[in-house]
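Participant: Take a look at the following structure, please.
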Amino acid sequence: MTLGIIGAGSIGQALARQALRAGHQVILANSRGPASLSDVVGDLGADATAGTVAQAADSDLVAIAVPWRAIPDAVAGIDWTGRIVIDATNPITTPAPGVQIADLGGRTSSEVVADLVPGARLVKAANTLPAAVLAADPREGDGRRVITLAGDDEEAKTAVAELFDDAGFATIDLGGLVAGGHLQQVPGGAFPSLNLLQLA
């Protein structure tokens, strides 16, 4: 399986490391083009390649891991119909120390993202852990780190869960995109403040 990742920052690279840990291939893309990612993919290893956003979007699974304000431009011009898309974003418009959150009008961030990728089978996942934790070995002692996910397409959620299971995570399905998305929402959700292990 190939995971295409739109966004090559800390979260995108963390997702790449976990997909590679699981034995899959990765296509990493950003707004500056493949040539700008030569050092990054060289560090990730032989199963990671740099590509265009269109090439990443043509993968078996696609992850969006760009800053909130960059999402509309990052996903524009692509036919998303039927694609399984992991939304790993949070509605943070200004990073620390002066963090500012986008006004979503009472919606979850994934509802907003879903409108930007019409026809996609969207799964909210990998947005609740800091990048360093997300990139680390999910097996710790006798436990496995927990990844939560939410979405309205059961087949898509199964595919995303399998990706993280293969890497060593324990996945928890929080339900539909709206109800589960609220639990994962930054800020205010129950799970972004938690770093959980599921014991064997």
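Participant: Restricted to the stretch 119-129, and to residues that are in contact (Cβ under 8 Å) with a residue 60 or more places away in the chain and assigned to a loop (DSSP other than H, G, I, E, B), which residue is surrounded by the fewest Cβ atoms within 10 Å (Cβ to Cβ)? Lay out the reasoning, then the answer.
Facilitator: Step one: filter the stretch 119-129 for residues in contact (Cβ under 8 Å) with a residue 60 or more places away in the chain, giving 124, 126-129.
Still in the list and also assigned to a loop (DSSP other than H, G, I, E, B): 126-129.
Values: Ala126: 26, Asn127: 26, Thr128: 26, Leu129: 24.
Out of the qualifying residues, it is Leu129.
Participant: Report the residue count in the stretch 184-198 for those that are under 16 Å from the mean Cα position of the chain (by Cα) and either of a type in the set (A, V, I, L, M, F, W, C) or exposed (fewer than 15 other Cβ atoms within 10 Å of the Cβ) (or both).
Facilitator: Going through the stretch 184-198, the residues under 16 Å from the mean Cα position of the chain (by Cα) turn out to be 184-186, 191-192.
Keeping just the survivors that are either of a type in the set (A, V, I, L, M, F, W, C) or exposed (fewer than 15 other Cβ atoms within 10 Å of the Cβ) (or both) gives 186, 191.
Looking only at that region, the number is 2.
Participant: Quick one: count up the residues across the stretch 21-44 that are open to solvent by 30 Å² or more (accessible area, probe 1.4 Å) and not hydroxyl-bearing (Ser, Thr, Tyr). Give the steps one after another, and end with the answer.
Facilitator: Just the residues of the stretch 21-44 that are open to solvent by 30 Å² or more (accessible area, probe 1.4 Å), to begin with: 21, 23, 25, 27, 31-32, 34-36, 38-40, 42-43.
From what's left, not hydroxyl-bearing (Ser, Thr, Tyr): 21, 23, 25, 27, 32, 34-35, 39-40, 42-43.
Total satisfying the criteria: 11.
Participant: Given the criteria open to solvent by 10 Å² or more (accessible area, probe 1.4 Å), in contact (Cβ under 8 Å) with a residue 24 or more places away in the chain and closer than 23 Å to Leu122 by Cα, does Gln13 qualify? Show your work before the answer.
Facilitator: Details: open to solvent by 10 Å² or more (accessible area, probe 1.4 Å): yes; in contact (Cβ under 8 Å) with a residue 24 or more places away in the chain: yes; closer than 23 Å to Leu122 by Cα: yes.
Here the answer is yes, as Gln13 does meet what is asked.
Participant: For the stretch 160-172, which positions are in contact with a Ser or Thr (Cβ under 8 Å, 6 or more places away or on another chain) and open to solvent by 10 Å² or more (accessible area, probe 1.4 Å)?
Facilitator: Ala161, Asp165, Thr171, Ile172, listed by residue number.
Participant: Please verify whether the stretch 56-77 includes one or more residues that are without any contact (Cβ under 8 Å) to a residue 60 or more places away in the chain and among the basic types (Lys, Arg).
Facilitator: yes
Participant: Right, next: Restrict the check to the stretch 104-118 and report whether at least one residue is assigned to a strand (DSSP E or B) and either open to solvent by less than 30 Å² (accessible area, probe 1.4 Å) or touching a helix residue (DSSP H, G or I) at 6+ places or on another chain (Cβ under 9 Å) (or both).
Facilitator: First pass over the stretch 104-118, keeping only residues assigned to a strand (DSSP E or B): none.
Looking through the stretch 104-118, none of the residues is assigned to a strand (DSSP E or B) and either open to solvent by less than 30 Å² (accessible area, probe 1.4 Å) or touching a helix residue (DSSP H, G or I) at 6+ places or on another chain (Cβ under 9 Å) (or both).
Participant: Within the stretch 178-187, can one find any residue that is free of Cβ contacts under 8 Å to residues at least 40 places away in the same chain and assigned to a helix (DSSP H, G or I)?
Facilitator: Filtering the stretch 178-187 down to residues free of Cβ contacts under 8 Å to residues at least 40 places away in the same chain leaves 179, 183.
Restricting the remaining residues to those that are assigned to a helix (DSSP H, G or I) gives 179, 183.
Scanning the stretch 178-187 turns up at least one residue that is free of Cβ contacts under 8 Å to residues at least 40 places away in the same chain and assigned to a helix (DSSP H, G or I).
Participant: A follow-up question, please. Out of (1) outside any helix (DSSP H, G or I); (2) within 17 Å of Thr2 (Cα to Cα); (3) of a type outside the set (S, T, N, Q), what's the single condition that is false for Leu149?
Facilitator: Only one criterion in (1) outside any helix (DSSP H, G or I); (2) within 17 Å of Thr2 (Cα to Cα); (3) of a type outside the set (S, T, N, Q) is unmet by Leu149, namely (2).
Participant: Report yes if Lys157 is part of a helix (DSSP H, G or I) and either open to solvent by less than 10 Å² (accessible area, probe 1.4 Å) or under 20 Å from Gly23 (Cα atoms) (or both), otherwise no. Even if it seems obvious, please write down each step before you answer.
Facilitator: Details: part of a helix (DSSP H, G or I): yes; either open to solvent by less than 10 Å² (accessible area, probe 1.4 Å) or under 20 Å from Gly23 (Cα atoms) (or both): yes.
So Lys157 fits the description; yes.
The values are calculated or read from the model by the stated rules, or taken from the named source; none is laboratory data. In this text the structure is predicted, and so the values were computed from the model without any measurement. Virtual Cβ from ideal backbone geometry, glycine too; neighbours counted across all protein chains shown. When the accessible area is computed, the model is the full protein with side chains, heavy atoms only, and any ligands, DNA or RNA have been set aside. Shrake-Rupley method; radii C 1.70, N 1.55, O 1.52, S 1.80 Å.
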